[in-house]
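The values are calculated or read from the model by the stated rules, or taken from the named source; none is laboratory data. A quick note: this is a predicted structure, and the numbers were derived from the prediction, not measured. Positions of Cβ are generated from backbone atoms using ideal geometry, with glycine treated the same way; all protein chains shown enter the neighbour counts.
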Amino acid sequence: MKTHQMKLNDRPFRDIKAGIKTVEIRLYDQKRKAIEIGDQIMFSCGDESISVVVTGLSRFATLVELFSSLGGVAAGWPALDSPVKMAQDMRKYYTAEEEVKYGVLGIHFKRM
């Protein structure tokens, strides 16, 4: 079992803490390729941290495919948001070029 470190903004961090968010969306880059089921992730926001264990990994070519398959509620989006809207929201984190180059990963987890 490996431990991975990931930083979060305040809202997603609070959603994990509250048990609302159970999927983290990231690029499937070199760092995320090392994540395996059973690994631990230490999410941090400022001075706070939360440990989770990875329960599943869902890989997709695009964010729209990911959100079409998984929905967005478990990842912190409102139930009525469309896959296209959620993918557009992710542009503040990842460019379209990065998405094409790496693909995307839904990291399913539960709090420890």
Does region 94-112 hold any residues that are of a type in the set (A, V, I, L, M) and either exposed (fewer than 13 other Cβ atoms within 10 Å of the Cβ) or free of Cβ contacts under 8 Å to residues at least 12 places away in the same chain (or both), and which are they? Ala96, Val100, Met112
Region 57-83 residues that are more than 21 Å from Lys101 (Cβ to Cβ) and at pLDDT below 95, paired with ones that are basic (Lys, Arg) and surrounded by 15 or more Cβ atoms within 10 Å (Cβ to Cβ) (beta carbon under 6 Å, 6 or more apart): Gly76/Lys21
In this structure, does Ile35 turn out to be modelled with pLDDT of 95 or more, assigned to a loop (DSSP other than H, G, I, E, B) and over 11 Å from the mean Cα position of the chain (by Cα)? yes
Can you report the number of residues in region 10-33 which are surrounded by fewer than 16 Cβ atoms within 10 Å (Cβ to Cβ) and either in contact with a Leu (Cβ under 7 Å, 6 or more places away or on another chain) or closer than 18 Å to Glu98 by Cβ (or both)? 4
Would you point out the residue of region 64-93, among those that are over 11 Å from the mean Cα position of the chain (by Cα) and within 13 Å of Glu24 (Cβ to Cβ), that is surrounded by the fewest Cβ atoms within 10 Å (Cβ to Cβ)? Tyr93
Residue under question is Leu57, and the condition is that it be aliphatic (A, V, I, L, M) and either surrounded by 18 or more Cβ atoms within 10 Å (Cβ to Cβ) or within 17 Å of Lys2 (Cβ to Cβ) (or both); does it hold? yes
Qualifying positions in region 13-45 - touching a residue at least 24 places away in the same chain (Cβ under 8 Å) and farther than 14 Å from Arg111 by Cα: Ile25, Arg26, Leu27, Tyr28, Asp29, Lys31, Arg32, Ala34, Ile35, Glu36, Cys45
